[in-house]
Structures are given as structure tokens and as C-alpha cells.
Amino acid sequence: MTALLDVRDVNVTIGATKVLTDVSLSLYRGEAVGILGETGSGKTMTMRSIAGLLGTVGGRIDSGSIHINGRDITHESLRSRRRTLRGVVSMVPQGSMSSLDPLQRIGSQVSEALQLTRAGKASDADVRHALHAVRLTPTASLLRSRPHELSGGMRQRVMIALALASQPRLLLADEPTTALDASVRTSILDLFTELRVERQLGLVIISHDINAIASATDRVIVMNRGRVVETGRTSEVLANPQDPYTQELISALPERTPRGYYLPARRSTDDPNATANGGHVPVPARSMPTAGVSTIEAQALDFSYGDRQILHDISVRVRAGQRLGIVGESGSGKSTLARLLTGVLPSRQVTVNGTPWRRFGSSQPERHEVQLILQDPFASLTETQTALATVQEACRTVQKLARSAARQRALELLGSVGLSGDLVHRRPAQLSGGQCQRVSIARALAANPSILIADEPTSALDLSVQAGIVNLLLTLTTQRPLGLVVVSHDLAVISHLSDTIVVMERGCIVESGPTDQVLFQPKHPYTRQLVSANPWLAANAESNLYGKIRPGADASKLIEALGEQPVMVRAGSASDA
Amino acid sequence: MTDIVGPSIPAGTPQAATARRGHTVYLRVERLVGLVIEAALALAFIIVPVASPISSSDITSLPLAPPSAEHLFGTDQLGRDIFVRTFEAGRIDLGLILVSIAAAAVGGALLGLFAAYLPPIGRMVISRVTDATMAFPYIVLVIGLAAALGNRELISGLPRGAAAISIAVVIACWPPYTRLTLSRALVLRERDSIIAARVLGYGPMRILFSHIGPALVPTVVSYAATQAVATTALVGSLAFLGVGIAPPTPELGQMMAENIALLPVAWWPSIIPGVVVLILGVGFALMADSTSERNTR
């Protein structure tokens with residue numbers, strides 16, 4: 001049996017930069033292969049060389065060969081591929097919002113894709129059939145709607161339907177679950193698995209999301225800096241990684257480290273707390289909260305944009321020294337809540353030290369007490385300012401320090417978030433995402449806040465960089481009496497950064513309580529669903545419950561122990577199919 | 001490491017990244033050529049009239065003498081040396097263009113920046129005023145202004161009529177800058193960095209001038225270079241309408257207008273100033289192209 005896809009020792013350069021070195025992979029019918037790697041690992045380039053899309057980014061294959069269905073297509077032009085590979089290869093591109101035509105109705109987009117492969121016109125029945133195949137109900141209103149009217153999950157399904165229109169034997173999916181909520185992600189991955197079994201489809205899934213790869217693929221290829229560093233059965237590789245890079249990557253998953261421990265972060269990257277690697281987070285000696293402690297409080301908060309009510313009856317209170325996690329899926333109102341707590345959005349029901357926020361932008365003595373860290377590391381910095389200038393400006397303006405004192409303080413703050421030397425003189429464009437996020441944190445700290453609100457602080461970052469930021473926030477909250485509110489869709493990140501968790505769904509708080517209780521004994525069905533969407537978290541919970549982990553034990557051993565847990569429930573069932 | 005090969009480009013690697021780099025180099029060269037043209041002309045405009053033994057209004061030779069070693073560009077119908085006249089005229093034209101465009105750009109941009117922080121009503125008023133100004137036929141505006149201000153010497157030291165042209169150009173050219181900065185500033189105002197700055201309690205002036213303003217400079221400069229091309233032509237063409245700088249002060253458009261009727265007899269008095277206008281325009285156009293390309297990419 002010839003392989004459906006056979007990539008052998010492919011080397012790709014773009015200009016003078018080598019982006020792929022000796023990449024090989026093969027795939028048979030009905031099999032799913034995952035390509036796992038971080039930003040810049042070459043996974044998308046691998047996909048592009050298979051799909052023949054290297055030319056658009058100026059890349060070319062220097063050596064090696066790519067066979068699809070036994071046919072050598074290494075150097076075949078895109079034009080001739082259109083003829084020879086239609087009905088053989090299809091691709092689901094990244095980003096369902098930007099990849100669908102925003103002005104065309106769903107029905108006509110699907111029928112256009114169907115017409116490419118058949119002689120006559122695609123009938124309505126064909127369109128309905130195609131949408132049925134991706135488990136969408138082809139109602140008249142769906143066919144008439146435009147992409148922006150659909151949810152992210154539905155758009156992704158439409159994209160898959162378009163890719164399947166030519167009845168391909170090989171489907172390439174680039175980051176198919178990125179930007180989708182946990183529950184939607186699960187259903188999309190299930191759809192891939194079902195389609196694969198139904199149609200004996202060969203499937204290549206590219207992702208940086210280890211959980212997605214674990215649940216939808218049989219074999220995995222781990223890439224780093226344009227090379228394949230490890231390959232094997234998904235369950236084996238993830239449970240027992242051999243290559244140091246894979247080990248690092250998997251151990252950086254926040255759910256694989258028990259609560260109360262620093263995440264194992266790569267020392268070489270930009271983590272300053274080399275000593276913090278994998279160690280136990282010291283429990284800070286916090287004084288009991290007294291009357292003088294800074295507090296932000298929302299009482300019976302309702303909030304609407306226009307006539308659409310976003311938040312219903314929310315009551316939360318955070319004091320300096322406390323850590324609160326707000327978890328929920330997109331549209332649950334958690335970011336709105338974060339902005340209300342910071343005073344960016346106005347509400348009389350939110351008070352800081354007993355006084356409500358004034359109109360945003362007007363001066364207020366409590367203004368500096370609460371600071372905000374935003375999701376997009378690049379957009380949250382002023383692009384024309386260097387890291388030092390950014391922090392120095394905050395020290396000068398907020399703390400009214402003199403120029404030299406502000407510079408000194410800024411350097412100290414940047415040092416405390418792990419930026420020193422040449423890095424402080426760089427502009428955002430010359431810094432990595434993680435480094436930018438550190439500058440944001442340093443700038444927020446310059447105001448000497450009592451409470452730090454972080455809105456999805458790690459969602460835009462790679463796994464290993466995320467671990468560094470989580471560690472940094474852990475260190476900061478233990479070193480000073482800082483209150484922390486972390487808003488995230490990722491329960492695993494929240495579990496490390498909070499003592500109390502609030503679970504939000506559609507603008508309401510559905511569950512709240514101490515982190516351990518919410519995580520390990522979830523009561524509300526929605527919380528249960530969130531917890532169960534993450535197999536490692538559950539495993540972690542169990543090990544905690546059964547007392548396998550004793551506080552003070554060596555963290556690295558703990559992580560190994562966790563690695564051996566039978567966690568790949570989904571991967572197992574997928575490979576059986 | 002094979003990941004990153006050094007910055008030198010090995011022989012025989014064409015393709016897009018190299019092509020892109022080539023493109024950037026090309027843009028840099030383009031900008032450099034534009035700058036060199038403008039700088040060389042500006043220098044010549046300043047030096048030549050000063051260094052020359054004869055003045056631009058001296059009648060030194062026979063009328064309409066063709067270019068020769070004595071009179072490099074020949075003489076005009078009154079026997080004045082065109083070489084000296086051209087460079088003196090160039091100084092006036094270039095100075096006029098630069099000053100008026102700079103005033104229009106800075107003024108327009110500041111107005112746009114402030115407008116972004118005004119309440120919606122104030123913003124609307126400013127937008128409507130820009131719209132009205134843009135809709136007004138500006139040749140009519142220039143003629144009207146020139147008539148109103150007359151050929152008086154408004155500012156001592158400047159040739160008569162120059163102030164009127166300059167004011168007219170500023171009035172005609174500021175609205176696009178206001179629109180440009182207003183729309184960009186409104187977008188930038190919603191950026192996360194501005195939210196973070198406001199959470200820190202920064203005042204509106206600080207946010208405008210150190211967080212939004214700097215990001216707009218390239219756009220404004222690139223637009224100003226584009227507009228300089230149009231203004232070069234505008235200043236040159238005003239003389240044809242009879243509202244230019246008053247004689248005997250030389251001005252490129254006026255030199256062309258005066259001698260255009262003699263074109264069949266003598267080409268040099270009208271063509272040479274025209275070529276100088278062309279070179280000025282090309283210089284600005286090269287600079288404009290290279291900056292705007294960099295912005296859109």
C-alpha cells in the first residue's frame with residue numbers, strides 16, 4: 001500500500017533563511033497525523049510545501065521530495081496542481097473569519113465550491129448534503145446567512161464543508177481549533193475524527209495545542225526550528241517524550257504542574273527566575289486583611305451595551321493580597337467584567353476603596369491602585385517607545401519621580417520582570433510577545449498598584465513563554481501584597497494563579513469558591529464540562545485527592561509521575577477507530 | 001546552525017525574500033535620489049544667485065540670446081540672464097512650497113489630533129469645516145485671496161505676492177491632514193496601549209503627544225511629500241492666472257508665462273524654468289513614493 005502522503009527529507013529556504021531542514025512525514029488513508037510546534041517551528045511551512053503554497057511567501061524546496069498518492073509533486077506548479085490534485089488534497093486554512101468571503105451567503109459559497117468539481121450546477125440538495133456532512137442543519141436561514149452571523153464553531157464547520165466539496169482523500173487543517181472555546185473545540189475535533197473514519201480520509205492537523213493534537217491524531221510529529229525533533233504514536237510521545245524539546249513543551253503545560261508549584265519554564269528563553277523553575281511557590285506571610293486594605297468590589301452589577309445586557313447581578317470583591325480567577329468562554333462577559341473592575345467602563349456599582357470609579361480618563365486618587373494587563377502583548381505597548389521609556393514614563397507621571405530616579409526605578413522594575421541589558425532599549429517590534437508582556441507588567445507595577453487585573457495575559461503566547469509569565473505573576477504576588485485578578489478561558493492557567501475562582505457563563509456567575517473546591521468538586525454542570533474538557537486537569541485533581549502528591553515533594557518527580565498517568569483517553573479511542 | 005544564514009545573500013538565491021529585500025533597497029535608493037535632487041537644487045538655488053556677479057534683474061546682454069558660455073541658459077526677451085533668474089526663482093518657489101506645506105501639515109495634523117479628543121459635537125464641527133474647505137474650488141480661493149491681499153509686501157523681506165500665495169496654499173492644503181490624523185487617531189485611541197495609558201492616569205495631552213502623535217508622523221510626512229508635488233505645479237501655474245509673484249522678482253511659473261508666446265522663436269526662456277519645475281516635482285514624487293510604500297507594506 002503506497003502512502004497517501006509521503007514527504008521525504010524536504011529542505012526549504014526563504015531567501016537566505018533555511019526554514020525547514022530534512023522534514024519527513026508519511027500518512028496512509030484513514031490516518032491522522034498531528035504536527036505540533038510553537039511559533040516559528042516550521043509547521044505552517046511544512047503545510048505550505050505540501051499544498052504548493054510556498055511560492056506566495058517566496059519559499060522554495062531545495063531538496064527532498066513530496067509524493068501525494070504516489071505522484072511526485074515536489075516541483076509541480078500551482079496551476080497544474082489545480083488539475084491533478086483536485087479531489088485528492090484539500091485544505092482548511094487558518095482563521096475562519098478571514099478565510100470565508102464576508103459578503104457571500106453561506107449557501108452560495110458552498111455551491112461555488114461544489115461546482116468546481118462537477119460538470120453541472122450544484123443543486124440545493126447537494127449543498128444541503130454537504131452541510132449535513134459537517135453536522136450542520138441546513139436550514140433556509142443558515143443558507144442565507146453571511147459569515148459574521150455565524151458562531152466561530154459554525155464557521156469552522158462551513159470551512160470544513162468547503163474543503164470536503166471536492167471529495168478529497170487528504171485533508172490538511174491549519175490550526176483548526178485556535179480561537180475556539182473548549183467545548184466547541186472538542187466538537188470540531190470529534191467531527192474530524194468522524195469524517196476520517198467515514199470517508200477513510202487522511203488527515204494532517206497542525207496545531208500548537210497539545211490537547212487538540214492528543215484528542216484527534218494517531219501519530220504526532222513535533223517540530224522545533226524547522227526540524228522534526230520527535231515522531232511517534234501520539235499517546236506514546238505525549239506520555240513519554242524522548243526529545244528534550246518535547247519534554248520541555250509538554251511539561252510547560254500548566255495543567256501538568258500541581259497547584260502551588262512554579263511551572264517548568266525554559267531557562268534559556270526569557271525567564272529571569274531561574275531559581276523558580278519547578279520549585280514550590282512559597283506561601284506569602286500575609287497580614288490579615290484589615291480595614292485599610294485596598295479593595296475593589298462589584299455589588300449586584302448589571303451592565304449593558306445598548307439594550308443588550310452583558311452582565312447580570314455580578315458580585316465580586318478583591319482585596320490586596322487576594323488572588324481571584326475569573327474563568328469562562330468567549331461571550332461570557334469576563335473581559336467586560338475586568339474592564340468594569342478597572343474603571344475603563346463606567347458603573348456606579350463598582351467601587352474602589354468604597355468610592356465608585358469616576359468617568360474613565362478623569363483624575364482620581366484611587367486611579368493608580370488598580371492596574372490592567374491586556375491580552376495582546378504588542379498592541380498594549382506604544383510602538384514608538386522603548387521598553388525603558390515606557391516604564392520610565394509611568395514612573396515619572398504616576399509616581400512623580402525625577403528623571404534620574406524614574407530611570408533607576410524603571411530599570412529595577414524591568415529587572416524584576418526579567419528584562420535587562422540591551423533588551424530595555426528595544427521597541428515592541430524588536431521584542432518577543434513574552435517580553436512585551438513583561439514590559440506591560442513592569443509598566444503596570446510602576447504605578448505601585450494594590451491590585452493587578454490581567455485580562456487573558458497568556459492567551460497570545462506560546463506554551464513555554466506562557467509558563468514564564470505565569471511564574472512571573474506567581475513571584476510578584478508572593479513578593480508583595482499585590483491583589484491579582486486573572487481573567488482567562490484557560491482553567492489550567494487560572495488554577496495556578498488564583499485562590500478563589502469565579503466561573504462565568506453568559507454574563508452570570510454560575511459557580512464560585514476556593515480554587516481547589518471548584519476544580520476538584522465542580523457542582524455546576526458548566527464547570528464540570530470545563531473541567532472535563534481538560535484531561536490532565538482531571539488527572540491532576542485526582543492525584544491531589546488521593547494524596548499522591550504531598551506538599552514539599554520534589555516537583556520534577558511529581559511532573560514525571562503525572563506524565564505516566566493514563567491521560568490520553570481521547571487519543572486511545574481515536575486510534576482504535 | 002543552519003537556521004539562520006548570515007545577512008549576506010549567497011549567489012544564486014533569487015525568490016521573494018531576497019526580492020523583498022531588494023524592494024526595500026530599491027525604496028531606500030528611491031528616497032535617497034529624491035532627497036539628493038531636492039538638496040542639490042536647494043543648495044544651487046541659494047548659492048548661484050549669491051555667487052553670481054550679475055543680479056537677476058540686470059539687463060546684461062542682447063534679448064533672446066541663445067545659451068552660450070557667457071549665459072549658460074541664454075537670456076530672455078529683456079536680455080536678463082536666465083541662469084541666475086532660474087535659480088533665484090527656484091529659491092522663492094521651493095521656499096514657498098516648503099513653508100506653506102509645513103504650515104499646512106503641522107496645523108492640520110494638530111487640529112486633527114485635538115479633534116480626536118473633543119466630544120462628538122466638536123469633532124463633527126471640525127469635520128464639517130474640513131469638508132467645506134475641501135469642497136471649495138481652491139483656484140478660486142487662491143485668486144480671491146490674491147486679489148484681497150493684493151501685491152503688497154505683507155511680510156518685509158519676502159517678495160511681493162509671496163505671502164498671499166503662501167496663505168492661499170495653507171488654506172487650501174490643511175484639510176486632508178486633519179482628516180487623516182483624525183481618522184487614524186480615532187482608531188489608535190481604541191488601541192490597548194491607550195487603554196493601559198489611561199488606566200495609569202495619563203492626561204489627554206500626554207496621550208495625544210507621546211502615544212498617538214508619534215505613530216502618525218510617517219503618514220503625515222508621506223502625504224506632505226505627495227502634496228508638495230501638486231503644490232509645485234500649483235505655484236508654477238498661478239502665474240498663468242496673473243496672480244503670482246509681482247515682477248521683477250523672478251518666479252518659475254511667471255518666467256514660463258512671460259515667454260511662452262516666444263516659444264517658436266526661442267525655446268530656452270520658457271522650457272528651462274519648466275524643466276526645473278519638473279525636476280523639483282520628480283524629486284518630491286520619489287520621496288513620496290518611497291515613504292508611502294513603506295507605510296502600506
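If I filter the range B:119-141 for residues that are closer than 21 Å to B:Ser222 by Cα and either among the aromatic types (Phe, Trp, Tyr) or touching a residue at least 24 places away in the same chain (Cβ under 8 Å) (or both), do I get at least one hit?
yes
Based on what the data block shows, is B:Ala39 surrounded by 12 or more Cβ atoms within 10 Å (Cβ to Cβ) and either modelled with pLDDT of 50 or more or facing chain A (nearest Cβ under 9 Å) (or both)?
Taking the combined requirement at face value, the residue does not satisfy it.
Examine the range A:37-45 for a residue that is assigned to a loop (DSSP other than H, G, I, E, B), in contact (Cβ under 8 Å) with a residue 40 or more places away in the chain, of a type in the set (Asp, Glu) and within 16 Å of A:Arg169 (Cα to Cα), and state whether such a residue exists.
no
Do we find that A:Pro168 is touching a Phe, Trp or Tyr at 6+ places or on another chain (Cβ under 8 Å) and at pLDDT 85 or above in this structure?
No, not satisfied.
Conditions tested, residue by residue: (1) modelled with pLDDT of 90 or more; (2) within 13 Å of chain B (Cβ to nearest Cβ); (3) assigned to a helix (DSSP H, G or I); (4) closer than 21 Å to A:Ser294 by Cβ.
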residue	(1), (2), (3), (4)
A:Asp376	no, yes, no, no
A:Glu383	no, yes, no, no
A:Thr390	yes, yes, yes, no
A:Thr397	no, yes, yes, yes
A:Gly434	no, no, yes, no
A:Ala444	yes, yes, yes, yes
A:Pro449	no, yes, no, yes
A:Ser464	no, no, yes, no
A:Leu473	no, no, yes, yes
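Can you find a residue in the range B:135-143 that is of a type in the set (Phe, Trp, Tyr) and surrounded by 15 or more Cβ atoms within 10 Å (Cβ to Cβ)?
Yes, the conditions are met somewhere in the range B:135-143.
Among (1) in a loop (DSSP other than H, G, I, E, B); (2) in contact with a Lys or Arg (Cβ under 8 Å, 6 or more places away or on another chain), which single condition is B:Ala197 missing?
That leaves (1) as the condition not met.
For the subset of the range A:325-344 comprising residues that are closer than 16 Å to A:Met504 by Cβ and within 14 Å of chain B (Cβ to nearest Cβ), which member is surrounded by the most Cβ atoms within 10 Å (Cβ to Cβ)?
By that ranking, first place goes to A:Leu341.
Please find, among B:Arg160, B:Arg85, B:Arg128, the residue that is among the charged types (D, E, K, R) and buried (at least 17 other Cβ atoms within 10 Å of the Cβ).
Just a single option satisfies the conditions, and that option is B:Arg85.
In the range A:55-73, is there at least one residue being more than 30 Å from A:Leu238 (Cβ to Cβ) and in contact (Cβ under 8 Å) with a residue 60 or more places away in the chain?
Within the range A:55-73, one or more residues are more than 30 Å from A:Leu238 (Cβ to Cβ) and in contact (Cβ under 8 Å) with a residue 60 or more places away in the chain.
Give the residues of the range A:238-256 that are among the hydrophobic types (A, V, I, L, M, F, W, C), assigned to a helix (DSSP H, G or I) and surrounded by fewer than 24 Cβ atoms within 10 Å (Cβ to Cβ), sorted by residue number.
Within the range A:238-256, A:Ala239, A:Ile250 meet the criteria.
If only one of A:Arg48, A:Arg81 is buried (at least 20 other Cβ atoms within 10 Å of the Cβ), closer than 21 Å to A:Pro168 by Cα and not hydrophobic (A, V, I, L, M, F, W, C), which one is it?
A:Arg48
Select, from A:Val398, A:Val439, the only residue that is β-branched (Val, Ile, Thr) and under 27 Å from the mean Cα position of the chain (by Cα).
Going through A:Val398, A:Val439 in turn, the sole match is A:Val439.
Give me the pairs: first residue in the range A:494-511 and of a type in the set (D, E, K, R), second residue part of a strand (DSSP E or B), beta-carbon distance under 6 Å, and six or more apart or on different chains, which are they?
What qualifies is A:Asp499/A:Arg323; A:Glu511/A:Val503.
Which one of the conditions (1) within 12 Å of another protein chain (Cβ to nearest Cβ); (2) assigned to a strand (DSSP E or B); (3) crowded, with 17+ Cβ neighbours inside 10 Å does A:Val7 fail to meet, given that it meets all the rest?
(1)
Restricting to the range B:173-209, count the residues that are hydroxyl-bearing (Ser, Thr, Tyr) and either more than 30 Å from B:Val235 (Cβ to Cβ) or over 27 Å from the mean Cα position of the chain (by Cα) (or both).
2
If a residue has to be out of contact with any helix residue (DSSP H, G or I) (no Cβ under 7 Å at 6 or more places or on another chain) and more than 21 Å from A:Leu311 (Cα to Cα) to count, how many in the range A:495-528 make the cut?
Qualifying residue count for the region: 6.
Name the one entry in B:Ala196, B:Ala225 that is within 11 Å of chain A (Cβ to nearest Cβ) and at pLDDT 85 or above.
On inspection, the qualifying residue turns out to be B:Ala196.
Please state which of the following conditions A:Glu412 fails to meet, knowing it meets all the rest: (1) more than 7 Å from chain B (Cβ to nearest Cβ); (2) of a type outside the set (A, V, I, L, M); (3) crowded, with 19+ Cβ neighbours inside 10 Å; (4) part of a helix (DSSP H, G or I).
For A:Glu412, the exception is condition (3).
So that you can scan it fast, the table gives a plain yes or no per residue for (1) out of contact with any Asp or Glu (no Cβ under 7 Å at 6 or more places or on another chain); (2) over 30 Å from B:Ser57 (Cα atoms):
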residue: B:His71; (1), (2): no, no
residue: B:Thr75; (1), (2): no, no
residue: B:Phe83; (1), (2): yes, no
residue: B:Thr86; (1), (2): yes, no
residue: B:Gly90; (1), (2): yes, no
residue: B:Leu118; (1), (2): yes, yes
residue: B:Arg123; (1), (2): yes, yes
residue: B:Leu145; (1), (2): yes, no
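Tally the residues that are surrounded by 24 or more Cβ atoms within 10 Å (Cβ to Cβ) and part of a strand (DSSP E or B), restricting the search to the range A:208-227.
Of the residues in that region, 4 qualify.
What residue, among those in the range A:475-504 that are of a type in the set (S, T, N, Q) and not in a strand (DSSP E or B), is nearest to the chain's Cα centre (by Cα)?
Per the criteria, the residue is A:Ser495.
State the number of residues belonging to the range B:229-246 that are more than 11 Å from B:Asp93 (Cα to Cα), among the β-branched types (Val, Ile, Thr) and crowded, with 24+ Cβ neighbours inside 10 Å.
0
Pick from the range B:179-192 the residues that are within 18 Å of A:Ile373 (Cα to Cα) and either at pLDDT 90 or above or not in a helix (DSSP H, G or I) (or both): which of them is nearest to the other protein chains (Cβ to nearest Cβ)?
B:Arg191
I'm trying to understand the selection: among the residues of the range A:19-40, which are modelled with pLDDT under 85 and either within 11 Å of chain B (Cβ to nearest Cβ) or surrounded by fewer than 17 Cβ atoms within 10 Å (Cβ to Cβ) (or both)?
The answer is A:Thr39, A:Gly40.
Based on this model, can you work out whether A:Ser404 counts as more than 17 Å from B:Arg206 (Cα to Cα), assigned to a helix (DSSP H, G or I) and either at the interface with chain B (Cβ under 9 Å from one of its Cβ atoms) or in contact with a strand residue (DSSP E or B) (Cβ under 8 Å, 6 or more places away or on another chain) (or both)?
Taking the combined requirement at face value, the residue does not satisfy it.
Restricting attention to the range B:176-205, and to residues there that are among the charged types (D, E, K, R) and out of contact with any Asp or Glu (no Cβ under 8 Å at 6 or more places or on another chain), which single residue is nearest to A:Ser362 (Cα to Cα)?
Filtering the range B:176-205 for residues that are among the charged types (D, E, K, R) and out of contact with any Asp or Glu (no Cβ under 8 Å at 6 or more places or on another chain), the one nearest to A:Ser362 (Cα to Cα) comes out as B:Arg198.
Can you name the residue in the range A:357-372 that is within 8 Å of chain B (Cβ to nearest Cβ) and not in a loop (DSSP other than H, G, I, E, B) and is also nearest to B:Pro218 (Cα to Cα) among such residues?
Top of the filtered list is A:Leu372.
The values are calculated or read from the model by the stated rules, or taken from the named source; none is laboratory data. Bear in mind the structure is a predicted one, so any value in this text is a computation, not a measurement. Here the Cβ is made from the backbone with ideal geometry for all residues, glycine too, and neighbour counts use every protein chain on show.
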